[in-house]
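I have placed the structure first, in the form of structure tokens, so that the comments after it can refer back to it.
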Amino acid sequence: MKAGFRRAIALSLGLCAMTIPASAATTFTDVPSTYWGYSYIKEAASNGLVSGIGDNQYGPEQTLSNAQFVTMVCNLFYADQVKSQGTSSDWWRPYMNVAYANGLLSGTTVGQQYASGGAWSAYSVNGQISRYDMAQVMYNLSSAQKWESPDSTSLVLAQLLIQDFGSIPANYQMPVAYCYAKGLLSGDENSNFNGSASTTRAQAAVVLCGLNDAKKEISAPTYTNTSRLTNGLVASETNVANLVDELWAKYPNHDQWNADASYTSQRLGSGTGDRGFVYMLSDKIFGGMPVNRISDPADLRIGDVIALNNGRQYGLVCKTSDSTFSYVTCDSNGWIDWNNDMRRDDLDDRYDTVYTRYLSMPEPDDVLANGEEPTRANVEELLDELRDDRDYEEGETWRVDDDYESDVLGYGEGSQGFAYLISDEIFGDLDYNKVRDYEDLRIGDVIYDRHHNGLYGVVVDINWSRDICVYVSADEYYEEISWKFTCDLDDITTIYTRYPEDAKYENDRDEDDWDEDDRLTNGDRITESNVSALMDEILEECSGRYFEDDGYWDMDRSYDSNVFDVDVDGSEAFAYYMSDEIFGNRGADDLRYPEDLRAGDVIRMGRQYGIVDTVKDDRCTYYTVDKDGYIYRDTVYFEDDDIDAMGTRY
């Protein structure tokens, strides 16, 4: 019964009325060495891709039906799926079903007829396949096999080479240009495609040889980048991780790689199976960047290639921690797995090899996104690069509902999201600290200009003589990026810096430039840290005419402040006295938002006054006195709305 079924297929195809050994298949009497398709037919027959029609003949000019061409392709790529279909009274049905299930017939005449009618038409299936539909099938196959697409230049060149490209129906233009650019199809002696013409067995041999080569060897693009990633960004671990995430989406868990195909990387070499798969992933990230071998497991980074157990398994590092890492690989059948975990200290350089394509060895943790030291000069250089970047240039669109989530700063929309994005582009994974004093503002800091423009931004310049700064932000009305926003320094209510504590930063403002009004009573600059230090000194002493001998505040003595009020007593007198001892005769301003409070500010809650000690995001601690004059520290939470008045002398 099986022999009868094979015979039915052979007769229907007109391809193999008898089985011809490979050695005899190359000597077809109707294919002389002078015939244009001789070499292709010889190669296809030698590789078992085609066979004769009997009597040592190939029948090169016989035309092919849809079913015959689909059968050739399915035998080459989906033989196991065809077998699982079982037998049918129509020899072609298993092949057509498999081709349709894998998307090969999308956009073809026979595929559209099946989609609209829900059943195969024997007349259409056995009708001659046009060169248009042949190109469409190969285009769909390339997508299903995830072959590398031709670059845009090759596609344009292909269109120019096809003399009758203008007459090709729009729905077939991309498939035809694609197959030309991939070398799977060519035109006639006049460089015409002749898409409406039928396909001959000689032409089928040419196509099958090309498909067989594509199956056996995955073509890699010629990468020209040597110092940056394939997306043009610097080779930082953050940027590599983003590209790894894109590859994860393109080659997801449990997807299948062609494990039989060979892939050749211009930097890593050739490989099949998991080796070829990993080399391909590495190239899609690093392109033409060089390769170096590393031996210290601590230097392992995302995107590195690992060869385990003397090359028995290859993987690409996709996640790292201090002690462990994860890698992606595929098994012998090509099934992709992203969830392979290993401890760093399990790597043994006697059996395991790690290859990196980063331009330098890992830097300390405190580096910018481009791997450079976090100095003012390096931050300014990155800002200049971002200003010239098409995505962030002056006038580029950033809508009020555009958002961004930073792994460090968190989520933000509008100008806040934009500022967080720019900050990440500069500082990468560096952590942030909240700065209380605008005198400590630095270029690259994230600010919230609450009182002037109501925008978040990143500082690009500071004019200390005028106490203003220039920052880049996204205008939430015009929804445009601008590098020219300005504000007074005292309009800034929030400052986030991502410079490490020991970062080298040369400030433009000299100590001699500070006015006397900008100094505390002890001569120090008015900064929050200096205010806290002076307040601690005053409270430690607790001496003078306003204090009792035991250090308590004298509740019976009134106090006159030149700035706040006169003839006050109790906690109000204590708060005013402490403020005057710190700031002298410097004037005071009201504050609207408790988040703007700083050490040394005066607050009132009902009839109780206090002087602020520390401020957190949602609360502050303050010093005050009880009814007996005992000085103590308490906490007030902003969400409770207990603060009735706030005054600052910064």
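Read-outs: derived from the displayed coordinates by stated rules, not from any lab. Computed from a predicted model, the values in this text were never measured in an experiment. Cβ sites come from the backbone with ideal geometry, for glycine too, and all protein chains shown count toward neighbours.
Of 173, 276, 95, which is farthest along the charge dipole of the chain in the positive direction, counting Lys and Arg as +1 and Asp and Glu as -1 at C-beta?
95
State, as an integer percentage, the relative contact order of the chain based on alpha-carbon contacts under 8 Å between residues 6 or more apart.
Here the relative contact order equals 6 percent.
Distance in nm between label sites at residue 593 and residue 337, each 7 Å beyond Cα in the beta-carbon direction?
About 5.2 nm, to one decimal.
Pull up all non-local amide H partners of residue 494: gap of 5 or more, or a different chain, and H-to-H distance under 5 Å with H placed in the peptide plane.
448, 450
Let's see if you can work this out: charge +1 on each Lys and Arg Cβ, -1 on each Asp and Glu Cβ, no other charges. What is the dipole magnitude of region 376-513 about its Cα centre, in debye to the nearest 20?
Charge dipole, region 376-513, about its Cα centre: 240 debye, nearest 20.
Once you place label points 7 Å from the Cα toward the Cβ at residue 249 and residue 143, how far apart are they in nm?
Label at residue 249, label at residue 143, 1.8 nm between them.
For region 103-173 and region 374-388, write down the distance between their C-alpha centroids in whole Å.
49
So, with +1 on the Cβ of K and R and -1 on the Cβ of D and E, and no other charges, what is the size of the charge dipole of region 237-356 about its Cα centre, to the nearest 20 debye?
Around 320 debye, computed over region 237-356.
Taking the Cα centre of the chain as origin, sum charge times position over the Cβ atoms of Lys and Arg (+1) and Asp and Glu (-1), and report the length of that vector in debye to the nearest 20.
Magnitude of the dipole: close to 8160 debye.
Apply 1/(1 + (r/R0)^6) to the Cβ-Cβ distance of residue 630 and residue 566, taking R0 = 25 Å, and write down the FRET efficiency to the nearest 0.05.
So, using R0 = 25 Å, E works out to roughly 0.50.
Rounded to the nearest 10 degrees, what's the angle between the helix 237-250 long axis and the longest principal axis of the chain, both from Cα atoms, 0 to 90?
For 237-250 against the chain, the angle is about 40 degrees.
With θ set to phi - 60°, apply the Karplus curve 6.51 cos²θ - 1.76 cosθ + 1.60 along region 574-581 and write out the HN-Hα couplings as whole Hz, x wherever there is a Gly or Pro.
For region 574-581, the Karplus curve yields 4, 5, 5, 4, 4, 5, 5, 5 Hz.
Long-range amide H contacts for residue 262: which residues qualify at under 5 Å (H placed 1.01 Å from N, peptide plane, sequence gap of 5 or more or a different chain)?
Excluding prolines and chain starts, which carry no amide H, the hits are 217, 218.
So what is the calculated 222 nm ellipticity per residue for the chain, using -39500 (n - 2.57) for each DSSP H run with n of 4 or more, over all residues, to the nearest 500 deg cm²/dmol?
It comes out at -9500 deg cm²/dmol, rounded to the nearest 500.
What ranking do 51, 465 get, fewest neighbouring Cβ atoms within 10 angstrom at the top?
465, 51
Please enumerate, by chain and number, the lysines with C-alpha under 17 Å from the C-alpha of residue 215, excluding those fewer than 8 residues away in the same chain.
Straight-distance partners of residue 215: 146, 182.
Arranged from highest to lowest average of other beta-carbon atoms within 10 Å per residue, in what order do the peptides 538-545, 294-301 appear?
Packing order, densest peptide first, comes out as 294-301, 538-545.
If I compute volume of the Cα convex hull per residue in Å³ from the structure I just sent, which labelled value in [x] 218; [y] 227; [z] 210 lines up?
Looking at volume of the Cα convex hull per residue in Å³ for this model, the match is [y].
Tilt of helix 528-541 relative to the longest C-alpha principal axis of the chain, in degrees (0 to 90, nearest 10)?
Compared with the principal axis, the helix lies near 40 degrees.
May I ask you to derive the FRET efficiency for residue 391 and residue 348 from their Cβ-Cβ distance with R0 = 45 Å, giving the value to the nearest 0.05?
0.55
Across region 130-147, in residue order, what do the Karplus-derived ³J(HN,Hα) couplings come to in whole Hz, using 6.51 cos²θ - 1.76 cosθ + 1.60 with θ = phi - 60° and x for Gly and Pro?
So the Karplus estimates, Gly and Pro as x, are 7, 5, 4, 5, 4, 5, 5, 4, 5, 4, 5, 5, 4, 5, 5, 8, 6, 6 Hz.
With axes computed from alpha carbons, what is the tilt in degrees of helix 273-286 against the longest principal axis of the chain, rounded to the nearest 10 within 0 to 90?
Taking Cα atoms only, the helix is inclined about 50 degrees.
Can you list the chymotrypsin sites (Phe, Trp or Tyr not before Pro) in region 439-491 that are in a DSSP coil and have 15 or fewer other beta carbons within 10 angstrom?
In loop regions of region 439-491 (DSSP not H, G, I, E or B), the sparsely surrounded chymotrypsin sites (Phe, Trp or Tyr not before Pro) are 477, 478.
Near the amide H of residue 462, under 5 Å away, which other amide H atoms are found, from residues 5 or more places off or on another chain, if H is placed in the peptide plane?
Those lying under 5 Å, H to H, from residue 462 are 470.
Residue-wise, which Karplus ³J(HN,Hα) couplings in Hz belong to region 384-396, taking 6.51 cos²θ - 1.76 cosθ + 1.60, θ = phi - 60°, and x for glycine or proline?
5, 5, 5, 4, 8, 6, 4, 6, 10, 6, 4, x, 5
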